[in-house]
Each structure stands twice: as C-alpha cells, then as structure tokens.
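> Can you keep this structure in mind? I'll have questions shortly.
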Amino acid sequence: MIMTKKMCEKNRPLFQRRGVFVVLSIFLLLSLNIPAIGSTAHTAVNQHAESRTDIVKFNVMNAFEHLERPPVLFAHEAHVDALEKVNKDCTECHKSKDDKLAFLFLRLKDEKVDTQQIIDDMHDKCIACHKERIGRTDQKSGPVACAECHLKKPLITSERQPVGMDKSLHYRHTDTLEKAKVSPDENICDRCHHEYDKEAKKLIHPKNKEATCRYCHKEVEQDNTSSMEVASHAYCVNCHVERQKKKEKENGPVKCSGCHDLAKQQQIKKVDPVPRIERKQPDMVMIKTGDKALDQPEKPEKKTRMDFVPFNHKAHEELPYTCKECHHAEISSCNKCHTLMEAKDGGNITLAQAMHDPRSIYSCVGCHNKSTEDKNCAGCHTFMSVVTGKQSITDAFCLKCHMEQPAGIESDVIAAISGSVAPGSDEYESDVIAVSSDSVALGSDEYEKAKDAKIAEILLSGREQITATYEKDDIPEKLELKLERKGIEPKYKPAQFPHRKIVDSIVKKLKENKLAGYFHNDKGTVCSGCHHNSPVTKKPSKCANCHGIISDNNLDKPGIIGAYHRQCMGCHDVMKVEKSGKDGAPGRLEWSCTDCHEKKEI
C-alpha cells in the first residue's frame with residue numbers, strides 16, 4: 001500500500017504519538033538497565049549462584065572489540081583440589097622460571113603470545129582434561145560445550161575479600177624469616193622490598209628506604225611494572241609454596257580462600273603490641289612549609305608564617321594504621337607533594353588543606369575528628385557538632401599544634417644534641433659537632449634534621465595535658481531536671497540527674513586518652529559537652545536559659561523537654577551505655593520514662 005501525501009498529513013499526529021512512545025520505551029529500558037536483545041557483552045546475575053572466594057575471570061578476550069560469548073568464571077580452588085586427588089600440582093597449568101611459578105596460563109610473562117593462541121591453549125587444555133574424566137567414577141568431569149562455560153547467568157559468583165599486610169602480619173613475616181636466617185648478616189628485607197635500578201638494569205634493595213609495595217605496583221600494570229595483584233601472587237604464593245615443599249613449621253596459605261575468605265581473615269593471629277618497624281625513620285619532626293625562604297628566613301623577626309608544628313612520629317606509628325594512611329604517594333615529607341600553592345603531584349591539594357581539611361581522614365584535623373567518634377568521646381562531640389554545626393576553632397585551639405618556640409631554646413637544643421656544647425664556645429664555633437655519635441656539619445641537612453627533632457621533643461615534652469576538672473566542691477552532686485514554668489503540670493516527677501557521677505566518668509575517660517588531654521584547653525572543657533553554648537566557667541548557664549518550653553522554630557535548638565531527652569538519651573546511645581542492673585542507667589534503645597522519672601500518683 002502506497003500512502004499519498006494527503007494520507008500522511010492525516011496520520012501525522014498518530015506518527016508523532018508513536019514516536020513519543022518509542023522514545024519513552026527506550027528511556028525506560030535504559031533506566032531499568034535492561035540489556036539489549038542478543039547482547040552477550042555483559043554477564044547477567046544469577047540470584048541462585050554459589051558464592052566463592054576463588055573466582056578467576058578469563059577475560060583475555062577483551063582484546064577483541066566485540067565478545068561473541070560472556071567471559072568464563074573459573075573456580076580456581078576447586079581445580080586445585082581435583083588435581084591434588086590425582087597427585088598433580090600447579091605445573092599442570094602454570095609454567096615456572098627460576099623455580100618460581102608464573103601465574104599465567106601455560107606461558108611466561110616475557111613470552112610473545114598472541115591473544116588467539118592464548119584462547120586456543122585454554123580451550124585445548126581445559127576441554128581435553130574434562131573429556132579425559134568423562135565416564136570415570138573416581139573423578140568429576142567438567143563442561144566440554146561452549147555454552148556450559150560461557151554462561152549468561154553463571155552458576156558461581158565471587159565473594160573474594162581484598163587482603164593487605166598490616167603491621168601485625170608484617171611482624172609475623174619478619175619474625176619468621178629472622179628465625180630462619182642462615183647467617184646473622186643475611187638480609188631478609190630484600191625478599192619483598194626492592195626497586196628497579198635503571199643504570200644497573202636490575203632490582204636492588206633500598207636499605208632503610210623500604211616502603212609499601214603499592215607505591216610501585218598499581219591496580220593495573222604500568223611501565224612494565226606488574227599490577228599489585230600479579231606481584232603479590234608471584235611473590236607471596238611462590239614463597240608459601242616453597243616453604244610448603246620444605247615442610248616448614250610456619251607457612252602461609254597457598255589457596256585462594258586462605259587469604260581472601262572473610263572468615264579465615266578474621267582468624268589470622270594478631271600480635272599485640274607490634275614491635276616498631278625500624279628503617280631509620282625519625283622519632284620527632286617539625287612540620288614545615290618546605291619553602292626555605294619561609295622556613296629559614298634571614299630575619300626571623302619578620303617571618304610571615306605560622307609557627308612550626310612539632311610532630312611525634314613515633315607515637316603515631318603505634319596507631320593501628322599503616323604508613324600509607326599518611327604517606328599515600330611515597331614515604332617522604334608531606335610538603336614534597338603538598339606545597340603552599342597547588343601542585344599536580346599533590347593532587348592540587350595545598351599543605352594547609354592536607355593538614356586541616358576536617359572532611360578528610362588523611363588530614364591531621366580530619367583524623368582527630370574521626371577519633372571523636374569513639375564511644376568514649378562521642379557523647380560530647382556528637383552533640384556539640386549538631387548544635388554548633390562544627391567544632392569551635394579558637395586561637396588557643398590552633399596554638400595547641402602551632403606551638404611558639406620559647407626564647408633561648410636554641411642553646412638548649414645545641415647543648416642536647418652535641419652533648420655539652422654551648423653557643424659561643426670554641427667547640428660550638430668549630431665546623432663539626434657530634435650528633436648521636438655521627439659527625440654532622442653545622443648547617444647541613446643532617447644537622448637541621450637533628451636540630452628539628454630535638455626542638456620537637458622539647459616542645460612536646462613541655463605540652464600540658466588537661467586531665468582534671470574543677471574541684472569537687474564546685475561540682476554539684478545531683479541536679480533536679482524540672483520545668484520551671486508556672487501553670488504546667490507534667491505527668492512525671494523531675495529526673496534526678498547524678499551530675500558529679502557523670503563528670504567523674506568523663507574525666508576518667510579523659511585521663512586514658514592523650515589526644516583528649518592535649519586538646520581540652522582547660523579544666524572546664526569537659527563541661528562543654530552539655531553546656532555547649534555557655535562560656536567555660538565553674539557556673540555555666542542553666543539549660544532553661546536557652547531552651548524554652550516550646551521550640552523557637554530552630555531545629556538545632558529544641559524546647560527544654562526535647563533538649564533534655566536528646567542530650568541524655570542520645571549520649572547514652574552513642575556512648576553505648578548499657579544498664580548496669582535493675583536500678584542502673586537506661587541503656588541503648590531501651591528507653592522507658594520511669595527509668596529516669598517517678599510517675600506521679602493520680
């Protein structure tokens with residue numbers, strides 16, 4: 001049927017409606033993420049699939065623009081177990097070089113093999129092995145047809161958990177290797193820690209410069225440097241396999257689940273406390289700008305910067321973090337990447353931002369703020385941030401870190417690092433002084449580091465910790481929380497608040513926390529958790545002075561009843577306070593009015 005121009009004009013609205021319908025249909029399909037008909041580029045999820053930790057995806061076919069079939073999901077550990085039953089090992093699928101397994105299928109990394117050959121090798125090896133087992137009662141066979149391996153909805157799915165080497169696991173490795181040393185002079189660190197010497201064209205051990213593997217081995221291979229996944233399997237698993245062959249008493253896992261199964265990860269023995277990792281790192285440092293004109297001005301009285309921050313490097317090493325938490329690019333001074341102005345190497349994050357960004361767990365302020373989420377701190381800090389919108393920053397707060405260098409400290413430093421040399425003496429004026437039994441020239445980088453370390457030590461040792469509050473007589477033992485308004489008759493009697501008991505509990509937790517002791521500026525700081533908008537004083541304002549009977553339409557300032565309940569019950573919740581008995585304080589999410597109030601008789 002041929003449509004005339006007149007007929008087309010007549011049916012135009014119908015075509016327009018159909019066009020809109022088609023567009024909406026396409027939009028709906030895209031919104032629901034429904035794959036196009038006939039597409040096999042993406043593997044659909046099978047809700048009934050078995051979860052495993054040993055899944056390896058054969059995605060070498062991604063080198064082609066269009067995949068004819070979905071990639072194969074390979075249960076590695078299942079195949080290892082099957083081979084062990086017939087006295088076969090990893091060499092069935094992996095070649096070796098220098099007695100080390102190559103974790104590639106039937107090839108070495110430096111072998112030139114095209115994609116099609118890899119595919120052919122996989123099909124020939126796998127299918128031949130499966131066919132060999134067909135009909136046997138003592139061994140299970142595998143699929144031999146294309147659609148049985150290349151499944152649109154795989155029968156297995158991965159639940160592999162990432163694994164890393166924390167300080168405890170690192171110590172267990174070094175301790176094991178130290179005990180197995182043949183000679184006292186044997187270096188065990190070079191087994192894992194190495195870097196490429198471009199001139200010598202080989203791997204060398206960077207003594208006292210050891211760092212995390214992830215600085216060089218990224219998520220994917222870069223500049224002929226193996227990815228972290230390939231490197232860790234090549235070194236870790238090969239070492240474990242070697243020790244297993246020697247029947248060593250202490251050995252690591254050689255199967256996927258040994259490292260990547262969550263339950264087995266939680267069973268890994270923890271060392272506590274972990275001895276310090278020694279690589280000649282400093283105990284104390286002064287955090288500087290990195291700009292010599294500012295760090296060492298010719299006329300110190302005309303400096304245009306904040307005072308340097310003394311930093312206890314050794315104390316921070318004792319925290320349960322890895323070096324990479326702070327030194328995320330390389331182990332060097334922060335100001336190498338994070339400069340005063342934006343720099344590409346520092347991700348355009350300035351030194352000030354790197355140290356002070358409250359939203360980042362990598363900054364000093366952000367990390368300290370994160371620590372306030374601990375249950376012993378959250379009772380005050382959670383609600384202070386709710387009320388004020390942010391933690392209050394004052395000059396006194398800044399000076400807790402940016403400490404002013406006391407007059408005359410230079411002579412104390414020189415005397416300390418040189419033994420007994422005083423400025424102006426003949427020994428001081430000499431070209432060389434002794435610092436920690438090493439010869440360090442005055443004005444050299446080594447001398448400046450030694451001097452900074454001593455200045456930091458002196459400043460930090462003199463830092464006052466506030467671990468107490470006002471005298472007992474200045475703290476009411478109990479308070480009666482009641483509504484002081486005429487004409488209002490509540491259903492319950494006023495709550496009896498054990499004021500001094502609460503304060504004593506907070507102070508006890510304060511004494512156990514060095515960070516809190518440093519940053520609670522005076523004895524009245526502990527009162528600010530509840531008296532959040534009152535000046536720090538022995539006699540702060542009453543809650544009712546700010547919180548009326550009803551709210552003044554400010555969500556951050558509820559009425560008096562809401563203020564009492566949010567502060568008290570909220571504090572018990574975030575601090576995970578549990579009931580201590582029948583007459584104990586109300587615990588988390590177990591609120592009953594009569595826990596705090598006596599009900600009035602009618």
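The values are calculated or read from the model by the stated rules, or taken from the named source; none is laboratory data. What you see is a predicted model, and the numbers here were worked out from it, not measured in a lab. As a convention, Cβ positions derive from the backbone with ideal geometry for all residues, glycine included, and neighbour counts pool all protein chains shown.
> Tell me the strands (runs of 3 or more DSSP E) entirely within the range 143-239 that contain at least 1 residues that are touching a residue at least 24 places away in the same chain (Cβ under 8 Å) and surrounded by 16 or more Cβ atoms within 10 Å (Cβ to Cβ).
Working: elements: 156-158, 195-197, 202-204.
The strands (runs of 3 or more DSSP E) meeting that bar are 156-158.
> Can you name the number of the only condition in (1) outside any helix (DSSP H, G or I); (2) exposed (fewer than 12 other Cβ atoms within 10 Å of the Cβ); (3) of a type in the set (Gly, Ala, Ser) that ALA128 fails?
With respect to (1) outside any helix (DSSP H, G or I); (2) exposed (fewer than 12 other Cβ atoms within 10 Å of the Cβ); (3) of a type in the set (Gly, Ala, Ser), ALA128 is out only on (1).
> Just to be sure, is GLU301 within 24 Å of HIS79 (Cβ to Cβ) and part of a helix (DSSP H, G or I)? Spell out the reasoning first.
On the way: within 24 Å of HIS79 (Cβ to Cβ): no; part of a helix (DSSP H, G or I): yes.
Judged against the criteria, GLU301 is not a match.
> Oh, and also: Determine whether the range 114-121 contains at least one residue that is surrounded by 13 or more Cβ atoms within 10 Å (Cβ to Cβ) and either at pLDDT 90 or above or among the polar types (S, T, N, Q) (or both).
We begin by selecting, within the range 114-121, every residue surrounded by 13 or more Cβ atoms within 10 Å (Cβ to Cβ); these are 117-119, 121.
Pick out the ones that are also either at pLDDT 90 or above or among the polar types (S, T, N, Q) (or both) and you get 117, 121.
Yes: the range 114-121 contains one or more residues that are surrounded by 13 or more Cβ atoms within 10 Å (Cβ to Cβ) and either at pLDDT 90 or above or among the polar types (S, T, N, Q) (or both).
> Condition test on ARG136, is it closer than 23 Å to SER51 by Cβ and either crowded, with 17+ Cβ neighbours inside 10 Å or not assigned by TED's automatic domain parsing to the domain that holds VAL254 (or both)?
no
> A further question follows. Checking MET355 against (1) under 30 Å from THR174 (Cα atoms); (2) within 23 Å of the chain's Cα centre (by Cα), which single condition isn't satisfied?
So the condition that MET355 fails would be (1).
> Do any residues in the range 466-478 that are of a type in the set (Ser, Thr, Tyr) have Cβ atoms under 6 Å from those of residues that are surrounded by 11 or more Cβ atoms within 10 Å (Cβ to Cβ), where the two are at least six apart or on different chains, and which pairs are they?
Close Cβ pairs satisfying both conditions: THR467/LEU510; THR467/LYS511; THR467/GLY517; THR469/VAL507; THR469/LYS523; THR469/VAL526; TYR470/LYS523; TYR470/LYS538.
> Would a scan of the range 548-558 turn up a residue that is modelled with pLDDT under 80 and closer than 21 Å to ALA378 by Cα?
Yes.
> Name every residue in the range 73-104 that is in a loop (DSSP other than H, G, I, E, B) and out of contact with any strand residue (DSSP E or B) (no Cβ under 7 Å at 6 or more places or on another chain), in order of residue number. Break it down into steps so the answer makes sense when it comes.
Start the filter on the range 73-104 by keeping residues that are in a loop (DSSP other than H, G, I, E, B), which leaves 86-89, 93-95, 98-99, 102-104.
Across the range 73-104, the qualifying residues are VAL86, ASN87, LYS88, ASP89, CYS93, LYS95, ASP98, ASP99, PHE103, LEU104.
> Right, another one. I need a count of the residues in the range 93-113 that are of a type in the set (A, V, I, L, M), surrounded by 15 or more Cβ atoms within 10 Å (Cβ to Cβ) and within 37 Å of the chain's Cα centre (by Cα). Break it down into steps so the answer makes sense when it comes.
Kept after step one, since they are of a type in the set (A, V, I, L, M), are these residues of the range 93-113: 101-102, 104, 106, 108, 113.
Applying the additional criterion that residues be surrounded by 15 or more Cβ atoms within 10 Å (Cβ to Cβ) yields 101-102, 104, 106.
Next, only the ones that are within 37 Å of the chain's Cα centre (by Cα) stay: 101-102, 104.
Going through the range 93-113 one residue at a time, the tally reaches 3.
> Separate question: Say we look at the range 63-92 and pick out the residues that are loosely packed, with under 12 Cβ neighbours inside 10 Å and at pLDDT below 90; which of these is nearest to ARG107 (Cα to Cα)?
It comes out as ALA63.
> Only residues in the range 297-312 that are touching a residue at least 24 places away in the same chain (Cβ under 8 Å) and buried (at least 17 other Cβ atoms within 10 Å of the Cβ) count as the first member; pair them with residues that are part of a loop (DSSP other than H, G, I, E, B) and among the polar types (S, T, N, Q), Cβ under 8 angstrom, at least 6 apart or cross-chain, and list the lot.
PHE308/GLN405
> Continuing with the same structure: Return the residue satisfying two criteria in turn: it lies in the range 260-278 and is assigned to a helix (DSSP H, G or I) and free of Cβ contacts under 8 Å to residues at least 40 places away in the same chain, and of such residues it is surrounded by the most Cβ atoms within 10 Å (Cβ to Cβ).
Kept after step one, since they are assigned to a helix (DSSP H, G or I), are these residues of the range 260-278: 260, 262-266.
Filter once more, keeping what is free of Cβ contacts under 8 Å to residues at least 40 places away in the same chain: 263-264, 266.
Numbers: ALA263: 9, LYS264: 16, GLN266: 8.
Step by step, filter the range 260-278, then rank; the result is LYS264.
> Next question. Considering the range 114-125 alone, what residues qualify as being assigned to a helix (DSSP H, G or I) and either under 44 Å from the mean Cα position of the chain (by Cα) or in contact (Cβ under 8 Å) with a residue 12 or more places away in the chain (or both)?
As a first pass, look at the range 114-125 and keep what is assigned to a helix (DSSP H, G or I): 115-125.
Scanning the range 114-125 gives THR115, GLN116, GLN117, ILE118, ILE119, ASP120, ASP121, MET122, HIS123, LYS125.
> Consider LYS370 carefully, then state whether it is among the charged types (D, E, K, R), surrounded by 15 or more Cβ atoms within 10 Å (Cβ to Cβ) and closer than 30 Å to CYS213 by Cβ. Walk me through how you get there before you give the answer.
Working: among the charged types (D, E, K, R): yes; surrounded by 15 or more Cβ atoms within 10 Å (Cβ to Cβ): no; closer than 30 Å to CYS213 by Cβ: yes.
No, not satisfied.
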